[in-house]
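Please read the structure below before turning to the comments.
The values are calculated or read from the model by the stated rules, or taken from the named source; none is laboratory data. Here the structure is a predicted model, which means the values were calculated and not measured. Positions of Cβ are generated from backbone atoms using ideal geometry, with glycine treated the same way; all protein chains shown enter the neighbour counts. To get the accessible areas, we keep the full protein, side chains included, count just its heavy atoms, and leave off ligands, DNA and RNA. Shrake-Rupley method; radii C 1.70, N 1.55, O 1.52, S 1.80 Å.
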Amino acid sequence: DLPVQLRIAGAGPMRREWEALAWRLDLGKRVVFVGQVPHSQMPALYRSADAFIFTSLRDSFGAQLLEAMAAGRPVVTLDHQGAGAFVPHEAGIKIRVTKPEETVARLGDAIRMLAASPELRARMGQAGWSYARTETWARRAERINELYGLAVNSQRSLPERSCVAVER
């Protein structure tokens, strides 16, 4: 019900099945499968879009999110694993993962919201761009060290467990 086009980059094992589904749903012209895109061409692909949608349930962190934010694009992602923790609230819309139907409906609502508001897209895109500029390799390493420190300290506060080794 929106005048939008979904462009899907990549060549995963389900591509043909998804292409067939898009045609069965009469969305063949509105869902474009661009295939595998060389990394060097991805910045132009991000810049050609109004927003970036990342819905992986298995990726613990999608570098694509940082790339999209560096291109000044707002993101819609699942509030799940690394993506949920990494994307600033000002830079995107994070969708809570619940029942599949609810999650899909919320994704649709987020896309509608961004499609209806160029101002929101611009504001989130600027916030994402500003954030992406701070995410250097040195900063990433610093944050990982902080997280490891928190994990180690939380393990130290756990009660001692006894373990018995048995040799045969």
Using a Förster distance of 41 Å, how high is the FRET efficiency between Val31 and Val152, based on the Cβ-Cβ distance and rounded to 0.05? 0.35
Just want the answer: with Cβ charges of +1 for Lys and Arg and -1 for Asp and Glu, which residue in Met42, Val97, Ala85 is farthest toward the dipole's positive end in the range 12-168? Met42
Quick calc, the chain, dipole around Cα centre from Cβ unit charges on Lys, Arg (+) and Asp, Glu (-), nearest 20 debye, gives 180 debye
What is the antiparallel percent of DSSP beta bridges lying wholly in the chain, to the nearest 5? 0 percent
Let me cross-check Ile8: its accessible surface, 1.4 Å probe, with only protein heavy atoms counted, in Å² to the nearest 10? 40 Å²
Taking only the alpha-carbon atoms of the range 1-55, what semi-axes of the equivalent ellipsoid follow from 5 times the gyration tensor eigenvalues under a square root, in whole Å, largest first? 20, 15, 8
Of all the accessible heavy-atom surface of the range 21-75, with the other protein chains kept in place and a 1.4 Å probe, what percent is carbon and sulfur? 55 percent
For the pair Arg47 and Arg7, the simple spin-label estimate (label points 7 Å beyond Cα toward Cβ) gives in nm 1.2 nm
The range 1-113 - convex hull of the alpha-carbon atoms, volume per residue in Å³: 116 Å³
Angle in degrees between helix 100-116 and the longest Cα principal axis of the chain, rounded to the nearest 10: 60 degrees
Here FRET efficiency (C-beta to C-beta, Arg16 to Thr134, R₀ 41 Å, nearest 0.05) is 0.55
